[in-house]
Amino acid sequence: MNGFMLVGIVGKPNVGKSTFFKAATLAEAEIANYPFVTIKPNEGVAYLKVPDVAKEFGKTSNPRSGYVLKQFRFIPFKLIDVAGLVPGAHEGKGMGNQFLDDLRQADVLIHVIDLSGSTNEKGESAALGSYDPAEDVKFLETELDLWYLGILNKGWQKFARTVIQEKQDICIALALQLSGLHVTENMVIEAIEELQLNKEKPHYWQEENLKSLAALLRKKTKPMIIAGNKMDLPPASEKLQSLKQQFPNYVFIGCSAEGELALREASKAALIEYIPGENNFTILKEVNLNEKQKQALSFIKTAILGRFGQTGVQQILNAAVFELLRYMAVFPGGANKLEDKDGHTLPDCFLMPPESTALDFAYKIHTDLGQNFIRAIDVRTKRAVGKDHPLKQLDIFEIVAGR
């Protein structure tokens, strides 16, 4: 499994979260048309889609984890689908506290909303177009911010006094207190500077200061992409454009989780050939489809793929990791030979955070390689680089280390 990447799926009940999860993972997830069908979080393996870089050398990768389909390589990561959140979740409404706690370790969130406006604020079915999904964007942002505020507020005065009495650095102390949410010292430093808070007198910070700090740290630790589900239903396209204008700081991508799930299940059942994220599929010649299957596949081909170019699910997964988090897929390989000792071509791939260097990559592969690093060799150009060389997406490097 690749690293410690964890992507969380969030949203109201009944908007298609579990369908999105199942489409992305093909893991069994209970799907039903009523609130709170998901109580315990569903966990599964989803995949990022990148070009198979071995093709540049006339070869095909043999991944140790993940898989290759035609010219693409699929890199695994962990996906978690928590139960539907409702307004007041941070106060425990709808078992909200438990569900929010399930998200603590997530690196990035995919917020699934119903673009068709057919799910009301409580997660119940409603008439098509009768509910404005903009309300869901606002509600979830508020719930997550208030959740962070609740954690920050817990015993704040006592915490602030202790920091002053013991002459601790507030940035280090806060990062430690909030480390379970992936808050780092640098994030706290940036947030305090941005909000112009007095580092020396945290006990004077007001409720409004703490609210702003909680919101800023939430944005830094839980960036969010918005998956506009049910995009094939009538009011969805116009609504998507309107939401993009209304919330310019968010990335919105339309999707049909149901369409993607149907395609992946048909592919698994060997009825069609389909590469996730592509704009077409092929019905296998020897297959005899029944009338219902023919109609479903015909609808997906014309109303979803023909109209939008893809179902959007793979695009959202890739955008969450590669665009929002700015992670990079980087491959260890020999400058003169791409195969490992067992003859497998580029078996490994690592997801590296932004601003990673050749030395970071060496440590990621193995501590010994990091500690004894001499140089890295770019497999494409055969050029040697030093430890501070910045990595970029789809790099292939050989690490040369001493003994």
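The values are calculated or read from the model by the stated rules, or taken from the named source; none is laboratory data. Note that the structure is predicted; figures quoted are calculated from it, not measured. With ideal geometry, Cβ positions are generated from the backbone for all residues, glycine too; neighbour counts draw on all protein chains shown.
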Query raised in the report: Out of all the residues in segment 107-140, which are closer than 23 Å to LEU181 by Cβ and free of Cβ contacts under 8 Å to residues at least 40 places away in the same chain?
Result: LYS138
Requested in this report: Residue by residue through segment 216-235, note down the ones that are free of Cβ contacts under 8 Å to residues at least 40 places away in the same chain and among the charged types (D, E, K, R).
Outcome: LYS219, LYS220
Requested in this report: Take the residues in segment 221-245 that are assigned to a helix (DSSP H, G or I) and not polar (S, T, N, Q), then tell me which one is surrounded by the fewest Cβ atoms within 10 Å (Cβ to Cβ).
Outcome: GLU238
Requested in this report: Could you tell me which of the residues ILE374, ILE365 is surrounded by fewer than 20 Cβ atoms within 10 Å (Cβ to Cβ), closer than 22 Å to LEU6 by Cα, in contact (Cβ under 8 Å) with a residue 12 or more places away in the chain and among the β-branched types (Val, Ile, Thr)?
Outcome: ILE365
Query - Residue within segment 336-344 that is in contact with a Cys (Cβ under 8 Å, 6 or more places away or on another chain) and in contact (Cβ under 8 Å) with a residue 12 or more places away in the chain present - result: no
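Each row is one residue, and each column tells you yes or no for (1) of a type in the set (Ser, Thr, Tyr); (2) modelled with pLDDT under 90; (3) part of a loop (DSSP other than H, G, I, E, B).
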site	(1), (2), (3)
VAL15	no, no, yes
THR19	yes, no, no
GLU28	no, yes, yes
ILE31	no, yes, yes
PRO35	no, yes, yes
LEU48	no, no, no
THR60	yes, no, yes
Query raised in the report: If you go through segment 318-356, how many residues are among the acidic types (Asp, Glu) and either under 13 Å from LEU48 (Cβ atoms) or in contact with a Phe, Trp or Tyr (Cβ under 8 Å, 6 or more places away or on another chain) (or both)?
Result: 2
Report task. Could you tell me whether any residue of segment 299-317 is of a type in the set (S, T, N, Q), over 24 Å from the mean Cα position of the chain (by Cα) and either outside any strand (DSSP E or B) or buried (at least 18 other Cβ atoms within 10 Å of the Cβ) (or both)? Result -> yes
Query raised in the report: What about LYS78, is it closer than 25 Å to ASP342 by Cα, in contact with an Asp or Glu (Cβ under 9 Å, 6 or more places away or on another chain), at pLDDT 85 or above and outside any helix (DSSP H, G or I)?
Result: no
Query raised in the report: Do you know which of the residues in segment 329-360 that are aliphatic (A, V, I, L, M) and over 13 Å from the mean Cα position of the chain (by Cα) is modelled with the lowest pLDDT?
Result: ALA335
Query - Search result, residues across segment 246-272 that are part of a loop (DSSP other than H, G, I, E, B) and crowded, with 18+ Cβ neighbours inside 10 Å - result: CYS255, SER256, LEU271
Requested in this report: Please enumerate the residues belonging to segment 321-350 that are among the β-branched types (Val, Ile, Thr), assigned to a strand (DSSP E or B) and under 18 Å from PHE77 (Cβ atoms).
Outcome: VAL330
**Report entry** Residue pairs meeting the criteria (Cβ under 8 Å; at least 6 apart or on separate chains; first surrounded by fewer than 12 Cβ atoms within 10 Å (Cβ to Cβ), in segment 381-403; second assigned to a loop (DSSP other than H, G, I, E, B) and at pLDDT 95 or above)
**Finding:** GLY402/ASN372; ARG403/ASN372
Query raised in the report: Restricting attention to segment 320-332, does a residue exist that is out of contact with any strand residue (DSSP E or B) (no Cβ under 7 Å at 6 or more places or on another chain), farther than 26 Å from VAL45 by Cβ and surrounded by fewer than 20 Cβ atoms within 10 Å (Cβ to Cβ)?
Result: no
Report task. Give GLY123, GLY180 a once-over and let me know the one that is out of contact with any Asp or Glu (no Cβ under 6 Å at 6 or more places or on another chain) and assigned by TED's automatic domain parsing to the domain that holds LYS17. Result -> GLY123
**Report entry** Matching residues in segment 281-298 - criterion: being free of Cβ contacts under 8 Å to residues at least 12 places away in the same chain and in a loop (DSSP other than H, G, I, E, B)
**Finding:** LYS285, GLU286, ASN288, ASN290
Requested in this report: Output the residues belonging to segment 215-267 that are closer than 30 Å to GLU185 by Cα and aliphatic (A, V, I, L, M).
Outcome: ALA215, LEU216, LEU217, MET224, ILE225, ILE226, VAL251
